[in-house]
């Protein structure tokens, strides 16, 4: 009788484990993939737009940054601009509203990079596009 109970319990446990594995697989495989809209892919052949007014070449960093920041802050979708120097690299961060078009953000950080590069051709420069606290794009220049 005792052997019968042990076999019954072992069979019951095996069956329970098998059912649990099947349920886990069924739930894991039944999730439908969420369809994401296609991301806007920039056209490699298109000319980037220019948004900033050029500053005189060699404008000191302490004068160029406030002027470029002012120009950038007036543009649609820009929440803020931060510029700083760290380890001999100039950084220019542009923070955008949620859902900004990636092509627009790329154009702005490229324009910002080109403005800083014209004033500081001897310095390493990195510009970044930030949205929702995440860097969505980044460009760098190394002399």
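Throughout, read-outs are computed from the coordinates displayed, never taken from laboratory work. Nothing here was measured: the structure is a model prediction, and the numbers come from that model. Methodologically, a virtual Cβ is constructed for each residue, glycine included, from the backbone with ideal geometry; neighbour enumeration extends over all protein chains shown.
Points to keep in mind about this one:
- Ordering of 77-84, 129-136 by packing [mean C-beta count within 10 Å, highest first]: 77-84, 129-136
- Among 85-97, 101-113, 57-69, the peptide with the highest mean count of other Cβ atoms within 10 Å heads the list, and the full ranking is 101-113, 85-97, 57-69.
- Over the range 61-141, the hull volume per residue, using the convex hull of the C-alpha atoms, is 78 Å³.
- Contact order relative to length of the range 48-130, as percent, for alpha carbon pairs under 8 angstrom and 6 or more apart: 35
- Within the range 61-141, antiparallel bridges make up roughly 65 percent of the DSSP beta bridges whose residues both belong there.
- In a fully extended conformation the segment linking residue 50 and residue 63 would gain 2.6 nm over its present Cα-Cα distance, using 0.36 nm per residue.
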